[in-house]
Amino acid sequence: QGTRDHPPAQAALRDRLLSAVVSCFKRHGAAAIDTPVLELRDTLVGKYGEGAKLIYELQDQGGELLALRYDLTVPFARYLAMNKITKMKRYHVAKVYRRDNPATTRGRFREFYQCDFDIAGQFDPMIPDAECLKIVHEILSDLQLGDFVIKVNDRRILNGVFAVCGVPESKFIPACSTVDKLDKVPWEEVRSEMVGEKGLSPEAADRIGEYVQLHGGLDLIEQLLQDPKLSQNKVAKEGLGDMKLLFEYLTLFGITGKISFDLSLARGLDYYTGVIFEAVLLQQENEHLEEPVSVGSVAGGGRYDGLVGMFDAKGRKVPCVGVSIGIERIFSILEQRLEASGEKLRTTETQVLVATPQKHLLAARMKLISELWDAGIKAEMLYKKDPKLLKQLQYCEDTGIPLAAIVGEQELADGVVKLRDVATRKEVRM
């Protein structure tokens with residue numbers, strides 16, 4: 001359950017999608033790394049908040065308690081700490097595992113790909129963070145998935161909000177994971193969970209509600225910097241100062257039109273320490289709706305300055321910021337689109353089929369195809385001694401091969417090859 005096979009058409013679509021994402025990561029100067037699919041159980045536990053129940057734990061094998069990786073961020077932090085690396089820009093595309101309730105129609109699986117880009121190192125504030133948001137903007141624009149918005153917030157602003165609303169520090173993280181549900185359920189439900197399950201006072205919940213329902217841009221940041229309560233909170237003030245700087249950089253990158261500073265954004269993972277963001281696709285269901293409907297999150301990330309220190313014996317910290325592209329959800333959207341359009345996707349890259357019109361010419365075909373392969377040309381031939389020419393040309397049409405190189409007795413005598421354009425049926429001898 002929650003896993004799937006990919007037939008050729010899906011694998012081809014996935015390849016196309018991944019190469020678009022990877023080429024963006026490379027354009028921004030990232031190097032690729034790879035880590036094992038298995039990690040020590042202790043490496044993963046305690047890093048994911050409520051996600052911890054979804055970690056796939058493996059039985060004791062040879063004295064080690066292991067688990068399957070849950071994401072690519074924690075293994076990256078472990079990798080930096082183990083190798084004492086203090087500066088790195090990396091991308092990683094690989095499968096991760098979550099013991100979730102699968103919702104395959106929405107692109108939620110137990111085994112799925114993640115595509116991560118991260119910048120580790122001590123740099124001036126908000127410059128790497130702005131680049132991560134630019135990357136999300138580039139990828140979503142490039143894939144032409146339709147309208148989207150990138151919501152941005154900061155854990156420090158949220159913690160400041162909780163503090164000035166009278167939430168004890170021990171309840172920041174549980175309150176955070178409840179606020180995170182605001183994009184899926186109405187405020188009333190979030191409020192009742194805060195009071196009923198998380199033990200917050202009704203007054204505190206109401207005060208939180210006044211803040212977390214706000215969203216806007218630079219104007220909202222300025223407004224909150226003037227807020228009598230929030231501006232007195234040191235942590236929130238730092239977060240708002242950085243958010244203002246971030247918006248200045250995003251203006252220089254020319255992407256603020258798609259960015260929304262949204263106080264309800266919390267992101268459920270424990271390890272975030274600063275800026276957090278999430279990209280959401282918008283769907284114009286019909287003309288009568290004022291607000292576009294959200295299709296769901298297709299990318300997310302943020303700053304996690306404390307994670308690497310957790311794996312370092314001396315607790316040395318390496319600040320990091322990164323983004324993960326939700327490739328599965330994007331994949332299921334593109335897949336549905338492809339089905340709806342009825343367009344056939346080529347599953348191979350063959351450029352030319354070597355064909356013969358008469359019998360007893362297998363040797364000629366094999367010689368020619370060998371020359372083509374050696375020259376780096378993608379070529380195929382049918383595995384029959386004497387196939388009919390019509391069959392060979394039909395195979396080109398079925399699989400989308402654009403050219404047929406035909407060698408018959410006449411061509412052999414003249415020392416030429418007849419090249420046929422399968423779509424237009426034009427032929428040239430060369």
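The values are calculated or read from the model by the stated rules, or taken from the named source; none is laboratory data. Since the structure is predicted, the reported quantities are computational estimates derived from the model, not experimental observations. We place every Cβ from the backbone using ideal geometry, glycine too, and count neighbours over all the protein chains shown. SASA here: full protein model, heavy atoms, side chains in, ligands and nucleic acids out. Shrake-Rupley method; radii C 1.70, N 1.55, O 1.52, S 1.80 Å.
Straight-line reach only, C-alpha to C-alpha below 21 angstrom: list the lysines that LYS385 could link to, leaving out same-chain residues fewer than 8 apart.
LYS359, LYS367, LYS418
Hey, what do the phi angles of the stretch 77-94 turn into as Karplus ³J(HN,Hα) couplings, whole Hz, using 6.51/-1.76/1.60 and θ = phi - 60°, x for Gly and Pro?
Coupling constants for the stretch 77-94: 4, 4, 4, 4, 5, 4, 9, 6, 8, 10, 8, 6, 10, 9, 10, 8, 10, 6 Hz.
Give the distance, in whole Å, between the Cα centre of the stretch 1-73 and the Cα centre of the stretch 112-176.
Between the Cα centre of the stretch 1-73 and that of the stretch 112-176, the gap is 20 Å.
Could you pull out every residue, at least 5 positions away or on a different chain, whose amide H is within less than 5 Å of the one on ARG108? Hs are placed 1.01 Å off N in the peptide plane, and Pro or chain starts have none.
Close amide H contacts, sequence-distant or interchain: ALA103.
Mind checking the full-extension length gain between THR251 and LYS87? Use 0.36 nm per residue of separation minus the Cα-Cα distance, one decimal, nm. Numbers along the way, then the final one.
Working: separation 164, 0.36 × 164 = 59.04 nm, distance 2.66 nm.
Working it through step by step, the gained length comes to 56.4 nm.
With all protein chains present, how much of the accessible area of the stretch 21-111 (probe radius 1.4 Å) comes from carbon and sulfur, to the nearest whole percent?
That fraction is 49 percent.
Computed FRET efficiency, Cβ-Cβ of GLU189 and LEU54, R0 35 Å: what is it to the nearest 0.05? Could the numbers behind the result be given before it?
Working: r = 22 Å, r/R0 = 0.63.
Working from the Cβ atoms, E equals 0.95.
Would you mind estimating how fast the stretch 1-59 diffuses translationally, via Stokes-Einstein at 37 °C and 0.692 mPa s with the Kirkwood radius over Cα pairs, in µm²/s?
Working: Rh = 15.1 Å.
It comes out at roughly 218 µm²/s.
Using only Cα atoms, figure out Rg for the stretch 352-429 and give it as a multiple of 2.2 N^0.38 Å. Write down the numbers at each step before the final one.
Details: Rg = 11.4 Å, N = 78, 2.2 N^0.38 = 11.5 Å.
Cα Rg divided by the expected 2.2 N^0.38 Å: 0.99.
Assuming 1.567 mPa s and 4 °C, estimate D for the chain with Stokes-Einstein, Rh taken as the Kirkwood radius over Cα pairs, in µm²/s.
On the way: Rh = 25.0 Å.
The calculation lands on 52 µm²/s.
How far is it, in nm, from the label point at LYS181 to the one at ASP414 when both lie 7 Å from their Cα along the line to the Cβ?
Each label point is offset 7 Å from its Cα along the Cβ direction, giving 7.6 nm.
Convert each backbone phi in the stretch 418-428 into a coupling constant with the Karplus relation 6.51 cos²θ - 1.76 cosθ + 1.60 (shift: θ = phi - 60°), then list the ³J(HN,Hα) values in order as whole Hz, x for Gly and Pro.
Coupling constants for the stretch 418-428: 9, 9, 10, 7, 4, 6, 8, 6, 6, 10, 10 Hz.
Over the Cα atoms of the stretch 277-430, what Rg and Dmax result, in angstrom?
When restricted to Cα atoms, the stretch 277-430 yields Rg and Dmax of 27.0, 79 Å.
How long are the three semi-axes of the equivalent ellipsoid for the stretch 44-136, computed from the Cα gyration tensor as the root of 5 times each eigenvalue, in whole Å, largest first? Mind showing how you got there, number by number?
Values: eigenvalues 144, 77, 23 Å².
Here the semi-axes work out to 27, 20, 11 Å.
Along the stretch 346-357, what does the Karplus equation 6.51 cos²θ - 1.76 cosθ + 1.60 (θ = phi - 60°) give for ³J(HN,Hα), rounded to whole Hz, x for Gly and Pro?
Per residue, the Karplus-derived 3J(HN,Hα) values read 5, 9, 10, 10, 3, 8, 8, 9, 8, 10, 10, x Hz.
So, with +1 on the Cβ of K and R and -1 on the Cβ of D and E, and no other charges, what is the size of the charge dipole of the stretch 8-341 about its Cα centre, to the nearest 20 debye? All intermediate terms of the calculation are to be shown ahead of the outcome.
Details: 41 positive and 48 negative charges, 235 e Å.
Computed about the Cα centre, the dipole is about 1120 debye.
Between GLU343 and ARG425, what is the label-point separation in nm under the 7 Å Cα-to-beta-carbon projection?
Label at ARG425, label at GLU343, 2.7 nm between them.
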